[in-house]
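S.K.: Take this structure, written in structure tokens, and hold onto it; I'll ask about it next.
Read-outs: derived from the displayed coordinates by stated rules, not from any lab. Model, not experiment: these values are computed from the prediction. Every residue, glycine among them, receives a Cβ derived from its backbone with ideal geometry; neighbour counts consider all protein chains shown.
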């Protein structure tokens, strides 16, 4: 999922909350590589408009679940 998300974001598109959550699940479970994580975060930040509320909500939901 993270590879698809990176490709999607680099076109200027945004992720839905569930898509962002799936990416964070891969990150938090160690499926994503460090290079993929770096590319994902860089693509989010450099996209015009930056991160969306929906993306942040999806990412944060999984981080909260994993913190418990």
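S.K.: Is it the case that residue 3 is at negative phi and surrounded by fewer than 17 Cβ atoms within 10 Å (Cβ to Cβ)? Steps first, answer last, please.
M.R.: Numbers: at negative phi: yes; surrounded by fewer than 17 Cβ atoms within 10 Å (Cβ to Cβ): yes.
So residue 3 passes the test.
S.K.: Among the residues of the stretch 11-26, which ones are surrounded by 15 or more Cβ atoms within 10 Å (Cβ to Cβ), out of contact with any helix residue (DSSP H, G or I) (no Cβ under 6 Å at 6 or more places or on another chain) and part of a helix (DSSP H, G or I)?
M.R.: First, the residues of the stretch 11-26 that are surrounded by 15 or more Cβ atoms within 10 Å (Cβ to Cβ): 14-15, 17, 19-26.
Now drop any that are not out of contact with any helix residue (DSSP H, G or I) (no Cβ under 6 Å at 6 or more places or on another chain), which leaves 14, 19, 22.
Of everything in the stretch 11-26, those that are surrounded by 15 or more Cβ atoms within 10 Å (Cβ to Cβ), out of contact with any helix residue (DSSP H, G or I) (no Cβ under 6 Å at 6 or more places or on another chain) and part of a helix (DSSP H, G or I) turn out to be 19, 22.
S.K.: Count, please, the residues in the stretch 27-54 that happen to be surrounded by 17 or more Cβ atoms within 10 Å (Cβ to Cβ) and more than 14 Å from residue 5 (Cα to Cα).
M.R.: So the count comes out to 0.
S.K.: For residues that are touching a helix residue (DSSP H, G or I) at 6+ places or on another chain (Cβ under 6 Å) and surrounded by 13 or more Cβ atoms within 10 Å (Cβ to Cβ), tally how many sit in the stretch 58-68.
M.R.: Within the stretch 58-68, the first condition is being touching a helix residue (DSSP H, G or I) at 6+ places or on another chain (Cβ under 6 Å), and the residues that meet it are 58-59, 61-62, 66.
If we keep only those that are surrounded by 13 or more Cβ atoms within 10 Å (Cβ to Cβ) too, we end up with 58-59, 61-62.
Qualifying residue count, the stretch 58-68: 4.
S.K.: Against the conditions (1) without any contact (Cβ under 8 Å) to a residue 12 or more places away in the chain; (2) under 9 Å from the mean Cα position of the chain (by Cα), where does residue 34 fall short? Just the number, please.
M.R.: Looking at each condition in turn, residue 34 falls short on (2).
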